[in-house]
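Heads up, the thing below is written out as C-alpha cells.
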Amino acid sequence: MSEMQTITLGGGCFWCTEAVFVQVRGVTDVESGYSNGQVVRPSYEQVCSGTTGHNEVVKLVYDPAQISLRELLEIFFLIHDPTTLNRQGNDTGTQYRSGIYFSTPEQGEIANSLMGEMSAANLFGKPVVTEVQPLSNYWPAEDYHQDFFEKNPYQGYCVAVAGPKVAKFRKTFADRVKR
C-alpha cells in the first residue's frame, strides 16, 4: 500500500480548481484554502483585498499508486492559464496567481521538470509564469467555500467558469475521472 501525498495548487479561484480535482481518480481529499502569504488565519475578505500575500489554493491528498504527481500537474495546466501573471480570466490580483506549492523537494523537482518541458516545447505560445515554492502558511478556507461547485452548480460563476473547466477535464482526461 502506498503512502498518501499532498500537493497544493493555485490556479485562480479555488472553486474552479476544487470542482475539477474532486473528480480525479486517485485524489482522496480536496480542501480549498489560502497559502504562501504573511497573515495568520486570513479571511476570504482579507485575501480578496490582495494585501495578505496569500493565494487561493486547493490542497490535494492523493494516492501515488493511482495517479502520479506529473499527471495531476498535467490536469492542473489544462484547466487554467499558467501564462498570465496574477490573473485568471476576469479574476485579477496576486491571490489568483498560478502556483505549485510542494510538500517535498522531489515534488518541486517534478514540477520544475514538467514546466521546463512545456517551455521547451512552447506549449502555450507564451512563457509559463507559475511559481513553484514550498508550501507555507497554509490555512483552510471558510466552510462555505468547501465543495462550493457541488453545492452551488447553478450559481453564475459556477455555470460560466467552473462548469466549462470541469467539462474540459472530463473530455481530455476521461480515463482519470472517478467512476
Response to the item:
Considering the range 12-30, residues that are in contact with a helix residue (DSSP H, G or I) (Cβ under 8 Å, 6 or more places away or on another chain) and among the charged types (D, E, K, R), and then whichever is surrounded by the fewest Cβ atoms within 10 Å (Cβ to Cβ), we arrive at Arg25
Practice prompt. Working only within the range 55-87, note down all residues that are of a type outside the set (D, E, K, R), in a strand (DSSP E or B) and surrounded by fewer than 22 Cβ atoms within 10 Å (Cβ to Cβ).
Written response: Val61
Worksheet entry | Residue match in the range 125-145 (condition: in a helix (DSSP H, G or I) and either in contact with a Phe, Trp or Tyr (Cβ under 6 Å, 6 or more places away or on another chain) or of a type in the set (A, V, I, L, M, F, W, C) (or both)) | no
Practice prompt. May I ask you to list the residues in the range 156-179 that are surrounded by 15 or more Cβ atoms within 10 Å (Cβ to Cβ) and either in contact with a strand residue (DSSP E or B) (Cβ under 6 Å, 6 or more places away or on another chain) or under 20 Å from Ser32 (Cβ atoms) (or both)?
Written response: Tyr157, Cys158, Val161, Ala162, Gly163, Lys165, Val166, Phe169, Arg176
Practice prompt. Please determine, by comparing only the residues of the range 140-155 that are surrounded by fewer than 16 Cβ atoms within 10 Å (Cβ to Cβ) and among the aromatic types (Phe, Trp, Tyr), which one is farthest from the chain's Cα centre (by Cα).
Written response: Tyr154
Response to the item:
Exactly one of Ala160, Ala141 is among the small types (Gly, Ala, Ser) and touching a residue at least 40 places away in the same chain (Cβ under 8 Å), and that residue is Ala141
Practice prompt. Would you check if Pro134 is in contact with a strand residue (DSSP E or B) (Cβ under 8 Å, 6 or more places away or on another chain) and over 21 Å from Thr28 (Cβ atoms)?
Written response: yes
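Bear in mind that the values in this text are calculations on the coordinates, not laboratory data. Fair warning: this is a prediction, and the values are worked out from it, not measured in the lab. We place every Cβ from the backbone using ideal geometry, glycine too, and count neighbours over all the protein chains shown.
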